[in-house]
1. Among the listed residues Thr516, Thr554, Thr526, identify the single one that is within 22 Å of Ile653 (Cα to Cα), touching an Asp or Glu at 6+ places or on another chain (Cβ under 6 Å) and surrounded by 24 or more Cβ atoms within 10 Å (Cβ to Cβ).
2. If I go through segment 370-415 residue by residue, how many of them are closer than 30 Å to Gly233 by Cβ, part of a loop (DSSP other than H, G, I, E, B) and not aromatic (Phe, Trp, Tyr)?
3. Take segment 378-391 and flag every residue that is surrounded by fewer than 17 Cβ atoms within 10 Å (Cβ to Cβ) and either over 15 Å from Thr274 (Cα atoms) or modelled with pLDDT of 95 or more (or both).
4. Looking at the structure I just gave you, is Ala521 in a loop (DSSP other than H, G, I, E, B), at pLDDT 95 or above and not hydroxyl-bearing (Ser, Thr, Tyr)?
5. Just to check your reading of the model, which residue among Ser451, Ser460 is under 30 Å from Gln637 (Cβ atoms), part of a loop (DSSP other than H, G, I, E, B) and at pLDDT below 95?
6. Counting only residues that are over 38 Å from the mean Cα position of the chain (by Cα) and among the acidic types (Asp, Glu), which one in segment 423-469 is nearest to Ala486 (Cα to Cα)?
7. Determine which member of the set Asp632, Asp640 is modelled with pLDDT of 95 or more, of a type in the set (Asp, Glu), crowded, with 21+ Cβ neighbours inside 10 Å and over 29 Å from the mean Cα position of the chain (by Cα).
8. Against the condition within 26 Å of Trp282 (Cα to Cα), at pLDDT below 90 and of a type in the set (A, V, I, L, M, F, W, C), how does Ile653 come out, does it pass?
Amino acid sequence: MINDTTVRFNAQIRDRDSYWVGQQVKSQFEWKLTGVDERLGTADSTYVTVGKWSGGSYRPVTARDLPERELIAYRVRGHDRSHWGPWSSWCFIQVDTTKPDSGPEVTSTDYPAGDEAHGSVGRSGEFTFANNGVEQATSYHYSVNDATCATEIELDSPGASVTVPITPTRDGPNLIHARITDGFGNSSECGLVYVFTVAPPADSVSYFPLDEGQGNTATDVMDAGRTANASGGIDWTRGRIGHRQGGSYRLEGTAVNTGGQSLLNTPEAVIDTTEAFSASAWVYLDEQPSTNVTALAQEGDFQSGFHLGYQAGSTRTWTFKMAPHDDGPTSGGAGWVYAHATEPAQLGVWTHLLGTYSPDTGELTLYVNGVEQSRNQHPQAWNAQGGLVIGGAKHQGDLTYHWPGAIDDVRVWDRMVFDQPLTEDDGERSEVWELANRPAALEGRWKLDESEGTVVADSSDHGLDGTLHADPATAWNRALNDVTFAPGVTFDGAGEHIRAESAIRTDRSWSAAAWTRLDEASGNGTMVSQTGAEQSGFLLGHQSGFDDKWVLETAAADVAGSGAGPWSRAISDHAAEFGTWTHLVATYDHATNELTLYVNGQRQTTVGEWRTPWHAKHGTVIGRAWRMGQDDLFAGQVSDVHLYQGVLSQNDIYNVYEGLIPTSSL
């Protein structure tokens with residue numbers, strides 16, 4: 001079946017004499033309508049020296065203006081400049097250049113055509129493609145919300161209907177363009193064939209904040225009738241972040257610690273693991289596991305449908321994996337599909353894990369702290385119909401893989417969670433990013449409102465009280481912020497500073513904020529920093545080398561001297577105003593590696609890029625920093641210093657400006 005009236009016939013010609021001597025051969029083709037003796041045409045190729053026996057040479061000819069929708073017979077014979085060989089058997093072709101008039105017919109019960117919204121962004125639905133009268137259809141091609149028709153559906157038999165999953169990526173009207181290819185290779189135009197309307201992204205179907213802080217059960221806030229019950233004793237510990245209480249978050253007792261010996265599970269499944277789904281959790285490992293451990297899973301009869309956790313052995317990293325089947329106990333890793341993290345798992349720090357599965361592509365994808373790690377294709381998804389497991393998994397018929405640490409904020413969706421913003425609004429972030437960065441967790445706050453002594457109180461509940469390295473008589477009671485009317489600390493630029501334990505992980509997303517007033521314009525001055533062994537991981541201050549502008553600076557490595565460079569910087573648009581109280585906020589977005597500076601709530605134009613983040617674990621310092629062996633001392637006043645894990649939003653920054661704790665939440 002051919003869709004061109006000009007056809008190239010080709011045949012291999014062989015000659016036994018070519019085994020001993022070079023031999024010239026050509027082909028001759030003839031063609032006619034089936035059942036008719038008269039030939040439609042004949043053509044000879046040119047001669048060529050044939051390949052040595054038992055090989056041969058291909059000799060083509062071209063037939064033109066062949067009739068359409070007729071069964072055409074053709075055959076070939078060879079000539080060696082002396083004799084004709086026998087004719088081959090007849091072969092047959094049919095030509096039709098007529099394109100189908102329209103594309104396939106599309107229907108869906110999950111997403112009916114029309115203006116009424118159904119389903120959810122990220123939730124897969126079944127769509128059926130039918131031949132629309134093209135009985136010889138061999139494939140359908142479609143695309144969603146563009147006119148490329150780039151996705152091909154090959155048919156098992158001509159003209160068959162086929163049902164495929166499609167996962168919408170935006171709400172509102174969605175457009176399917178499609179075309180049909182018939183058995184001749186003719187294709188209809190890629191045209192609009194179906195319009196359906198999608199509801200906005202749905203909330204998770206299961207959400208365990210794990211804020212109980214006591215007892216042996218946890219409640220699913222998306223379904224008050226669903227609880228996860230402990231198998232073995234569990235402990236409660238500080239979580240990554242807790243539920244809101246008044247103007248702040250309760251951070252104590254907001255995560256479950258399964259201790260490597262117990263787990264929590266629900267009596268029933270929360271998702272269908274053959275459909276689109278996503279699962280996430282904040283996890284904390286107390287120690288390096290010697291075996292595979294799982295933070296979150298949904299169990300089948302013998303295996304779990306998915307595991308979100310840690311892979312031991314030579315991998316030693318975070319993983320999202322799916323078993324090949326649930327037919328019975330299996331051993332080894334045959335058939336398992338893994339999406340691994342690209343770096344070893346870190347111990348003793350909260351890490352956000354998110355796994356997604358798309359039935360459209362069969363891909364499972366792992367994100368760590370909002371950054372995609374890897375993806376892999378799972379060809380045999382099956383539905384795990386058992387309960388959701390927190391802190392373990394079903395493996396080879398047993399509940400095992402107990403998690404040796406803490407787990408917080410467990411969420412499961414019956415849809416894809418996307419790594420692209422769902423709108424084109426300025427500043428819009430993806431769901432993946434939001435889960436890993438919001439809400440920002442207050443890790444330390446020093447109001448600097450003391451009136452005496454050297455103890456500097458941390459007003460968060462982390463207990464990171466600092467020590468004043470200065471004369472209390474000159475440090476306290478001399479500073480008053482004339483914007484917030486709050487007191488502060490005064491440094492004379494002679495090395496006075498406040499030091500506390502490190503409050504944040506500088507190799508994750510973080511934010512720092514402080515009110516400051518500069519007394520003079522000599523040299524560099526740092527208000528807030530967090531230091532490593534040799535360099536400050538970040539410093540927030542002003543630098544005379546940049547026209548006395550405000551600067552957020554990070555070092556590439558924690559080594560002595562110039563080897564710590566290059567330095568990355570976000571710089572203010574204008575020079576610092578001396579003698580004026582100014583509010584500074586610095587953020588580091590680990591997902592994008594972007595450093596951003598805000599001055600009095602306004603985002604500054606020049607951003608930095610910190611490509612090699614590292615953890616500065618040797619202390620939070622107010623009024624001083626270390627850079628290439630030199631002190632960045634500060635002369636002026638500082639008030640109300642905040643440090644957060646996560647990236648403050650614009651609204652959060654406005655709240656911090658007013659002296660409030662951000663309470664924005666997902």
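1. The match here is Thr526.
2. 10
3. Asn383, Gln385, listed by residue number.
4. no
5. After ruling out the rest, the residue left standing is Ser460.
6. Asp449
7. Answer to the selection: Asp640.
8. It is false that Ile653 is within 26 Å of Trp282 (Cα to Cα), at pLDDT below 90 and of a type in the set (A, V, I, L, M, F, W, C).
The values are calculated or read from the model by the stated rules, or taken from the named source; none is laboratory data. Remember, it's a predicted structure, so these values are computed and weren't measured experimentally. Backbone-built Cβ (ideal geometry, glycine too); neighbour counts: all protein chains shown.
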